[in-house]
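Take a look at the structure below.
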Amino acid sequence: MNSIEKYFPDLSGHQVSQFRKLGDLYASWNARINVISRKDIENLYIHHVLYSISIARIISFAPSTKIMDAGTGGGFPGIPLAILFPGSHFTLVDSIAKKIQVVTEIAKELALENVQPQRARFEDLKNSFDFITGRAIGPLPGFWKTLMANVSKKQKNNIPNGILYLKGGDFGEELKNIQCKYRIYEIAGFFDDPFFLTKKILHLYT
C-alpha cells in the first residue's frame, strides 16, 4: 500500500481507505477462488494494483468516460482504476462466472458505484466505449482486431480513444500484424520498482 501513496500522493482519504481494503479483500477471496497466483498475492500492491493504475500516468480519464476492462479476471486493471477515477464508468467483463463473482463482491465491499461487472465473452459485446483496457490477454493482434470496433469515435479525453494494453517483454513482432497507430510507454519511467523494468503500456488508436 505504501507504493500507492508514494506515487499517488493526492489521493483523497476515501480513496486511500478503498485501496487499503484491497489487501484483505483479495487475500480473503483468493483463498476461496483463485484469481491471483497464490505465490503472488503478497505482491498484490506492486504487481496488480500499481501496475493497473500505471495507466493514470498517461491519461486522467475525463468525467463520464466509458471504459471496458476486457478479460478482467480478478478485476485488474478495472477495479484500481475505478477507485482512482470515480467519475468514469467501468464495465468489467469476463466469461468465467467465479471471477465475475469476486469482482462483483469486491466492488460492492468498496461501494464502487461506477463499476458494472458483466459475465460475457468480450468478443460478443457490441457496446461502444471510449477506451478498452486489457492485461496480457492472448495474442495482441487478435485482441486488437476483435475490440477496436467497440471504440467510440467521439473524443473527450487528452489522448485518442482506443485500447490501453498492459504487457511485459517485447511485442514488436505482434505490432507488425496490427494496422493502426500506436504508442508505447515504458512503465519503468514512472515507477522505480524492478518489477516494472520490462512492463509497458501500449496505446492503440486510429
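Using the Karplus curve 6.51 cos²θ - 1.76 cosθ + 1.60 with θ = phi - 60°, work out ³J(HN,Hα) for each residue of segment 101-117 in order, rounded to whole Hz, and write x for Gly and Pro.
Those phi angles translate into 4, 4, 4, 4, 5, 5, 4, 5, 4, 8, 6, 8, 6, 9, 10, 10, x Hz.
Given Ser28, Pro117, Ile55, which one lies farthest toward the positive end of the charge dipole of the chain, if we put +1 on the Cβ of every Lys and Arg and -1 on the Cβ of every Asp and Glu?
Result: Pro117.
For the chain, give me the percentage of DSSP beta bridges that are antiparallel, rounded to the nearest 5 percent.
On the way: 12 of 31 bridges.
The antiparallel fraction comes to roughly 40 percent.
Among bridges DSSP assigns within segment 129-206, what percent are antiparallel (round to 5)? The partial results should precede the final answer.
On the way: 12 of 18 bridges.
Antiparallel: roughly 65 percent of the beta bridges in segment 129-206.
Throw me the Rg/Rh for the chain, computed over C-alpha atoms with Kirkwood Rh, two decimals. Mind showing how you got there, number by number?
Working: Rg = 15.9 Å, Rh = 17.1 Å.
Looking at the chain, the ratio lands at 0.93.
When the accessible area of segment 66-206 is computed with all protein chains present and a 1.4 Å probe, what percentage of it is carbon and sulfur?
49 percent
Note down the relative contact order for the chain as a percent, whole number, built from C-alpha pairs under 8 angstrom at least six residues apart. Don't jump to the answer; show the numbers that get you there.
On the way: 346 pairs, mean separation 34.8, N = 206.
Contact order relative to length: 17 percent.
Leaving out ligands, DNA and RNA but keeping every protein chain, what accessible area does Phe76 have, in Å² rounded to the nearest 10, with a 1.4 Å probe?
For Phe76, the solvent-accessible surface is approximately 10 Å².
Calculate, in nm to one decimal, what Gln15 and Arg57 gain on full extension: separation in residues at 0.36 nm each, minus their alpha carbon distance.
Details: separation 42, 0.36 × 42 = 15.12 nm, distance 1.72 nm.
Answer, rounded to one decimal: 13.4 nm.
Have a look at the DSSP beta bridges in segment 57-164 and tell me what percent are antiparallel, nearest 5.
Details: 0 of 17 bridges.
The answer is about 0 percent antiparallel.
For segment 1-62, report the accessible area per residue in Å² (1.4 Å probe, heavy atoms, rounded to an integer).
Numbers: 3020 Å² over 62 residues.
That works out to 49 Å² for each residue.
Which value does Rg/Rh take for segment 44-100 over its C-alpha atoms, Rh per Kirkwood?
Values: Rg = 11.2 Å, Rh = 11.5 Å.
Dividing the radius of gyration by the Kirkwood radius yields 0.97.
Would you calculate a helix-derived [θ] at 222 nm for the chain, using -39,500 (n - 2.57) for each DSSP H run of n ≥ 4 and dividing by the full residue count, to the nearest 500? Walk me through the numbers before you get to the answer.
Values: 6 runs with 58 residues, N = 206.
Result for the chain: -8000 deg cm²/dmol, rounded to the nearest 500.
What pairs in Lys154/Lys200; Lys66/Lys126; Lys126/Lys154 have C-alpha atoms more than 18 Å from each other? List each step's numbers first, then the result.
Numbers: Lys154/Lys200 26 Å; Lys66/Lys126 14 Å; Lys126/Lys154 16 Å.
Too far apart for the 18 Å limit: Lys154/Lys200.
Quick check: Cα centre of segment 83-125 to Cα centre of segment 138-206, how many Å?
21 Å
Restricting things to alpha carbons, tell me how big segment 26-138 is in terms of Rg and Dmax, in Å.
13.1, 37
May I ask you to derive the FRET efficiency for Tyr182 and Ser128 from their Cβ-Cβ distance with R0 = 22 Å, giving the value to the nearest 0.05? Write down the numbers at each step before the final one.
Values: r = 21 Å, r/R0 = 0.94.
So, using R0 = 22 Å, E works out to roughly 0.60.
Report the FRET efficiency, 1/(1 + (r/R0)^6), for Ala27 and Thr206, where r is their Cβ-Cβ distance and R0 is 35 Å, rounded to 0.05. Could you put the intermediate results ahead of the total?
Numbers: r = 41 Å, r/R0 = 1.17.
Using R0 = 35 Å, I get an efficiency of 0.30.
Ordered by packing density, taken as the mean number of other Cβ atoms within 10 Å over each peptide's residues, highest first, how do 63-73, 191-201 rank? Present the calculation step by step, with values, prior to reporting the outcome.
Numbers: 63-73: 21.8, 191-201: 16.0.
Averaged packing, sorted descending, gives the order 63-73, 191-201.
Given charges of +1 on the Cβ of Lys and Arg and -1 on the Cβ of Asp and Glu, with all other atoms neutral, how large is the dipole of the chain about its Cα centre, in debye to the nearest 20?
Working: 25 positive and 19 negative charges, 106 e Å.
Charge dipole of the chain: 500 debye, to the nearest 20.
The values are calculated or read from the model by the stated rules, or taken from the named source; none is laboratory data. What you see is a predicted model; the values in this text were computed from it and never measured. For neighbour counting, all protein chains shown are included, and Cβ atoms are generated from backbone atoms with ideal geometry for every residue, glycine included. Ligands, DNA and RNA are stripped out before the accessible areas are found, and what is left, the full protein with its side chains, is counted by its heavy atoms. Shrake-Rupley method; radii C 1.70, N 1.55, O 1.52, S 1.80 Å.
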